[in-house]
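The structure appears below as structure tokens.
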Amino acid sequence: MKKLTVIFLMGMLLMSCAKKEKPFFMEWDTPFGVPPFALITDKDYLPAYEKGIEQENKEIAEIAANPEAPTFANTIEAMEKTGMLLRRVENVFDNMIDANTNDKLQAIAQKISPMMSKHYDDISMNAALFARVKAVYDQKETLNLNPEQLMLLTEYYKDFVRGGANLNDAQKEELKKINSELSVLTLKFGDNVLAEDNRFTLVIEDSADLAGLPESVITAAAETAKEKGQEGKWIFTLHKPSLIPFLQYSQKRELREKMFRAYNDRGNNNDEYDNKQILARIAALRVKSAQLLGYKTHADFVLEENMAKTPANVYDLLMKLWTPAQKRARGEVKEMQAIIDAEGNNFKLEAWDWWYYAEKLKKAKYALDDEQLRPYFKLENVRNGAFFVATTLYGIDFEERPDLPVYHPDAKAFEVKDVDGTHIGILYTDYFPRASKRGGAWMDSFRKQSNFPAKESPVICNVCNFTKPSGDTPSLLSLDEVETLFHEFGHALHGLLSNCTYYRLSGTAVPRDFVELPSQIMENWATEPEVLKYYAFHYQTGEPLPDELVAKIKNSSLFNQGFNTVEYLAASILDMDWHTIADTTLRDAVVFEQQSLDKIGLIPEIVSRYKSPFFRHIFAGGYSAGYYSYIWAEVLDSDAFQAFKETSLFDQTTAQAFRENILAAGGTEDPMILYKRFRHAEPRIEPLLKKRGLD
């Protein structure tokens, strides 16, 4: 950590000595062309966006005005070459606004968002350009294109149609206004959630109120208090590494309720960060946009591009799982209520009690709790365990590169090489929560892989919010955090091992309900005994995770699956309900949500994983009418992992087939074609039901 901080500060010093040339307008002479973060200031973004838009407009105008007959090369491939400067600045800015933001960047984003909305609308609605694209598309059967070229042509054509190219002038102007307003509203929604994440603190002054909390959690809270100028106290926040252990272990029921309510009331406090009216307006505008384009609902518009295809197919899958999941959850409620009653407590299990009594139940049934496991899950070891799986499956290596620029001292850079030593790409990891980072965990790219018009290697990042080191204790992860690290690393492999010709189709540029397959399948290796033996060592003694604990992890794999499945499905159904609205009436967000959950009979002891006012995935991210994707992809990953279980955990033939047909292929062909090429059959739901104990 100290070495990396020194390098980061040296980079900042170099920035002050650098040329006056704007960083986005110069060649990046950094190793592998990674962004020169130390040279980039907040002031550099807006001019780079403006120049990038100007350049792409000129490039687009030249294609549209080309007097030659439209061809795949002079129209489709020509478009693939446009906007290089804009792409460069956008990739960096989008990552910074999520992982290392500040008030200035958020203000810049408010200016940039409508600019970019207008820019992309202007391209999509350029009649002359669309005429050329359509001319090429209409003769696609005679062009002798390979599958990737055909997919590129099809995607560009659909982009135009779905972007409003076939609308009349008045409709185009209306759609532009809708898109512009949506761009600002979704950004504001996300900013409000981040503000809510950071503003609440539970300050504890009496040590008696720490009853039940593990020493590591107490130490972390003391350090947080010290950082906030309240040394001698303990501060807990809504960031998951602070929130979840508090809900799991605090014996103070009233404080658990306070933390739980603060988390679930984000965006619903009738103040400057309230999101209820914002999300209602977003939902209504999405209906208006979809209907302008000829769709009944926003969900119909979105799902046309996904594997699910229709809202009916999504609801069908979700409801197949809902009934057995609810049944299992009710059984879990009875078991926890029995513990409450046995302790002589005269209260009914509530939602803020679930984590606490689930932990007690797990101890009672399996003699296992998270605190037993944490000492064996040192962050660096877990990360190396994920690297080990990738190395064993695909023959790739990871070398830390402290010489590469980073955007924050917490970030680390790794060079990824193939089995023959060939450079594949760069992976950045950034694992700890901070006020400048939004909550959750994700993968993104500073540069995607492509081979056209020139070879470009990927620069990928994994960003998470894990338990921080405290005092002399390193970052020790919960089992859930271990699985999250493996999950996001799976996304990273999708970006790193991409081998596509065109940027538009490379890496994770696949349907939303297919993109979670590479991430979720990686989670399966995290708790395999063979893999645990590689990375799970006690951080103090170096002793491997005892076989009895490995067995307990396996035996408890179905524990709490009713809760996990129900809270997820409730959020997925809520998402679909918001996006199958067929009129533009502004809904009362609280009333609408309650009606949605009442309709499916959600038991009162469980709340939806995300409540509407902080449901960032669907109102500030790319998962509108798409949160179901995780369970859809879990059908795929459960079935796909069976291919390894039917052979061996690291079977090379199966691994290479997965790499070639899933990871390397990006969006070059229909995902079901790619999946069947790997698995030689369509996916079955039975492995998922078994995995979740719902069979």
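Bear in mind these aren't lab numbers, they're just calculated from the coordinates by the rules spelled out. Just so it is clear, the structure is predicted and the values come from calculations on it, not from any experiment. Cβ coordinates were reconstructed from backbone atoms using ideal geometry, including for glycine residues, and neighbour counts include every protein chain displayed.
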Worksheet entry | Net lengthening on full extension, residue 418/residue 94 (0.36 nm per residue, minus Cα-Cα) | 113.8 nm
Worksheet item: In segment 101-242, with Lys and Arg counted as +1 and Asp and Glu as -1 at Cβ, which of these residues, 185, 195, 164, has the Cα nearest the positive end of the dipole, that is, farthest along it?
Response: 164
Discussion item. Please compute the Kirkwood hydrodynamic radius of segment 269-325 from all pairs of different C-alpha atoms, in Å with one decimal.
Written reply: 13.4 Å
Worksheet item: Roughly what % antiparallel, to the nearest 5, for the DSSP beta bridges in the chain?
Response: 80 percent
Practice prompt. Please work out the Cα center distance from segment 209-230 to segment 340-356, rounded to the nearest Å.
Written response: 25 Å
Practice prompt. Could I have the simple spin-label model distance between residue 141 and residue 558, label points 7 Å from Cα toward Cβ, reported in nm to one decimal?
Written response: 5.3 nm
Worksheet, complete the sentence: Restricting to Cα pairs under 8 Å and 6 or more apart, the percent relative contact order of the chain works out to 16 percent
Worksheet item: Could you give the alpha-carbon Rg of segment 253-406 over 2.2 N^0.38 Å, rounded to two decimals?
Response: 1.58
Worksheet item: If you find the alpha carbon centre of segment 555-613 and of segment 434-449, how far apart are they in angstrom?
Response: 26 Å
Worksheet entry | Protection proxy ranking, peptides 93-103, 338-348, 511-521, 293-303, average beta carbon neighbours within 10 Å, highest first | 511-521, 293-303, 93-103, 338-348
Worksheet item: Contour minus end-to-end for residue 434 and residue 656, with contour as 0.36 nm per residue of separation and end-to-end as the Cα-Cα distance?
Response: 76.1 nm
Worksheet, complete the sentence: Charge dipole of segment 488-634 built from unit charges on the beta carbon (Lys, Arg +1; Asp, Glu -1), centred at mean Cα; most positive-end Cα among 568, 541, 505 is 505
Worksheet, complete the sentence: At the level of C-alpha centres, the distance separating segment 657-695 and segment 461-528, in angstrom, is 18 Å
Fill in: Separation of the residue 173 and residue 684 label points, Cα + 7 Å toward Cβ, nm
5.9 nm
Worksheet item: Tell me, what is the percent relative contact order of segment 163-237, built from C-alpha pairs under 8 Å that lie six or more residues apart?
Response: 26 percent
Worksheet item: What FRET efficiency would be calculated for the residue pair residue 32, residue 68, taking the C-beta separation as r and a Förster radius of 35 Å, to the nearest 0.05?
Response: 0.40
Discussion item. Compute, for the chain, the length of the dipole vector about the Cα centre, with Cβ point charges of +1 (Lys, Arg) and -1 (Asp, Glu) only. Units Debye, rounded to 20.
Written reply: 600 debye
Worksheet, complete the sentence: Burial-style ranking of 364-372, 487-495, average other-beta-carbon count within 10 Å with highest first, yields 487-495, 364-372
Fill in: Rounded D (µm²/s) - segment 200-264, Kirkwood Rh over Cα pairs, Stokes-Einstein at 37 °C, 0.692 mPa s
287 µm²/s
Worksheet item: Quick one: which of 554/645; 412/552; 309/417; 360/554 span more than 27 angstrom between C-alpha atoms?
Response: 412/552; 309/417
Worksheet entry | Cut-off 18 Å, label 7 Å out along Cα→Cβ of residue 388, residues of segment 358-377 by amide N | 373-377
Worksheet item: Computed over the Cα atoms of segment 331-465, what is the ratio Rg over Rh, Rh following Kirkwood?
Response: 1.17
Practice prompt. May I ask you to derive the relative contact order of segment 231-361, considering only C-alpha pairs under 8 Å and at least 6 residues apart, and to give it as an integer percent?
Written response: 27 percent
Item to complete: Only helices at least 20 Å long along their axis, Cα-based, and averaging -0.5 or more on Kyte-Doolittle count here, so list those DSSP H runs from the chain.
Response: 2-17, 84-99, 147-162, 276-292, 311-342, 379-394, 479-496, 561-579, 629-645
Discussion item. Which of 253, 587, 261 has the fewest other C-beta atoms within 10 Å, and how do the rest follow up to the most?
Written reply: 261, 253, 587
Practice prompt. Return the distance in nm (one decimal) between the two label points of a simple spin-label model at residue 87 and residue 530, each offset 7 Å from Cα along Cα→Cβ.
Written response: 3.9 nm
Worksheet item: Mind checking the log10 I(q)/I(0) for the chain at q = 0.06, 0.09, 0.11 Å⁻¹? Debye, one equal scatterer per Cα, no solvent, two decimals.
Response: -0.35, -0.83, -1.31
Worksheet item: Label point 7 Å out from residue 320 along Cα-to-Cβ: which residues of segment 494-516 have amide N under 17 Å?
Response: 513-514
Worksheet entry | Charge dipole (debye, nearest 20) of segment 223-335; +1 at Cβ of Lys and Arg, -1 at Cβ of Asp and Glu | 360 debye
